[in-house]
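Engineer: Below is a structure I'd like to ask you about.
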Amino acid sequence: MQDVKDITIIGAGPTGLFAGFYAGMRGASFRLIDTLDQPGGQLTALYPEKYIFDVAGFPKILAKDLVKGFAEQALQWKPGVHLGETVTGLRREQENGKPLFVVVTDRDAYPSRTVLIAGGIGAFNPRKLPLKDVDRWYGRGLHDRVLKTQEFAGKRVLIVGGGDSAFDWAVNLQGVAAWITMIHRRDGFRAHPATVAQVRELCAAGKMELRTFWELKGIHGDARVERVTIVNNKTKEEDTLAMDAVLPQLGFISSLGAIAEWGLDLEKHDIKVSQLMETSIPGIFAAGDITTYPGKLKLIATGAAEACVAVNHAVHFINPSAKVEPGHSSNMAIFGQADDKTD
Ligand SMILES: Cc1cc2nc3c(=O)[nH]c(=O)nc-3n(C[C@H](O)[C@H](O)[C@H](O)COP(=O)(O)OP(=O)(O)OC[C@H]3O[C@@H](n4cnc5c(N)ncnc54)[C@H](O)[C@@H]3O)c2cc1C
């Protein structure tokens, strides 16, 4: 089992990352756990290439750039970061008469004095292609997500889907991939009209192909993806295309999973919290999209504010003599400022 931390943060979305920053600023040890293999939650998984206009202090910022800032701010404290791990259970033990939580994942167990649930809309898992032998192609040319665009350099890529991510990657892999064919099962799209227009322009210029009413029927090859069979769902016509990579962008399935079984007070799929971001179990706090209370807004800005409240109260929960009020970062010695009045 891992070492005991003050705060175990479930979820490395914007709320979890900002909670991490605050924990470090308050001198609390912490770790971050997330199912995804990259930080950023919904911003990374659902809309990395979209501009956000309502984050305090940024007139406009790309989601992926905002994540970079959140991550840099949180990781300055060098916490334990456990990506690609899903929280599956919780054990409640005692340490010197105080509660000790053991957060169990599909890989390990993490003891902690408090827990902060920043799980957003739940653990994300990419929706898989409905093909029988789909698992055999992972690592052989089938990618759920783009981690590095260079993985697609010089390749013929089939993108499957009609949402924002499919269109964003059709645009963003231009100049990297040798050729892009995009297929979608209907002719309506759930993507930003400006990106759809961009893709149509690229098609008109002969730089890629978009086929509507086509679906993927099979992937073929020896060691790696070499060809795909696609089928027109109206005419039943089939076509076989030489392809090096397949990139399904079919969205994500999200689920609160095991956290829903912990005995926390829930309202539908959200965790009820007090003004102090306490859940119904003392020592377990929650913040961000996963919480509910009268007047709740599910936004990045409110998640950050809630993270700040939750962490300051978690610190006070662990050590009742620690002030809840953090003081002003602009005065703190921890940031190299001379005039530290936070004691
Ligand atoms: C298309 C789109 C556009 C948006 N635009 C804006 C906007 O312009 N402005 C704005 O303010 N908001 C916007 N939002 C909303 C914003 O993205 C959310 O409010 C924000 O992401 C919430 O952050 P969070 O950290 O609370 O949750 P999330 O971002 O959902 O992150 C939660 C993380 O917890 C992880 N997790 C959950 N359960 C587990 C588990 N059991 N084990 C391990 N990890 C787990 C998930 O994998 C995820 O990474 C938009 C949302 C969408 C979908």
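The values are calculated or read from the model by the stated rules, or taken from the named source; none is laboratory data. Please read all numbers here as calculations on a predicted model, not as lab measurements. Note: ideal-geometry Cβ built from the backbone for every residue, glycine included; neighbour counts use all protein chains shown. What goes into the accessible areas is simple: the full protein's heavy atoms, side chains included, and nothing from ligands, DNA or RNA. Shrake-Rupley method; radii C 1.70, N 1.55, O 1.52, S 1.80 Å.
Engineer: Within region 259-281, identify whether any single residue is modelled with pLDDT of 95 or more, farther than 28 Å from residue 105 by Cβ, in contact with a helix residue (DSSP H, G or I) (Cβ under 9 Å, 6 or more places away or on another chain) and not assigned by TED's automatic domain parsing to the domain that holds residue 228, and answer yes or no.
Structural biologist: Yes, region 259-281 has at least one match.
Engineer: Right, next: Which one of these does residue 261 not meet: (1) in contact (Cβ under 8 Å) with a residue 40 or more places away in the chain; (2) open to solvent by 60 Å² or more (accessible area, probe 1.4 Å); (3) more than 24 Å from residue 22 (Cα to Cα); (4) not polar (S, T, N, Q)?
Structural biologist: (1) is the only condition that residue 261 fails.
Engineer: Can you spot a residue in region 120-128 that is out of contact with any Pro (no Cβ under 6 Å at 6 or more places or on another chain), part of a strand (DSSP E or B) and over 30 Å from residue 165 (Cα atoms)?
Structural biologist: No; the residues of region 120-128 include none that is out of contact with any Pro (no Cβ under 6 Å at 6 or more places or on another chain), part of a strand (DSSP E or B) and over 30 Å from residue 165 (Cα atoms).
Engineer: Is at least one residue of region 136-152 within 16 Å of the ligand (Cβ to nearest atom) and in contact with a helix residue (DSSP H, G or I) (Cβ under 9 Å, 6 or more places away or on another chain)?
Structural biologist: Looking through region 136-152, at least one residue is within 16 Å of the ligand (Cβ to nearest atom) and in contact with a helix residue (DSSP H, G or I) (Cβ under 9 Å, 6 or more places away or on another chain).
Engineer: Looking at 197, 191, 177, which one is among the aliphatic types (A, V, I, L, M) and within 16 Å of the ligand (Cβ to nearest atom)?
Structural biologist: Among 197, 191, 177, only 191 is among the aliphatic types (A, V, I, L, M) and within 16 Å of the ligand (Cβ to nearest atom).
Engineer: Can I ask one more? Picking from 50, 64, which residue would you name as being touching a His at 6+ places or on another chain (Cβ under 8 Å) and within 25 Å of residue 172 (Cβ to Cβ)?
Structural biologist: Exactly one residue qualifies, and that residue is 50.
Engineer: Still on this structure, please answer the following. Among the residues of region 128-149, which ones are open to solvent by 30 Å² or more (accessible area, probe 1.4 Å) and modelled with pLDDT under 90?
Structural biologist: Matches in region 128-149: 144, 145, 147, 148, 149.
Engineer: Just to verify a result, which residue in region 307-326, among those that are within 16 Å of residue 119 (Cα to Cα) and either open to solvent by 20 Å² or more (accessible area, probe 1.4 Å) or touching a helix residue (DSSP H, G or I) at 6+ places or on another chain (Cβ under 6 Å) (or both), is nearest to the ligand (Cβ to nearest atom)?
Structural biologist: Looking at the filtered set, the residue picked out is 307.
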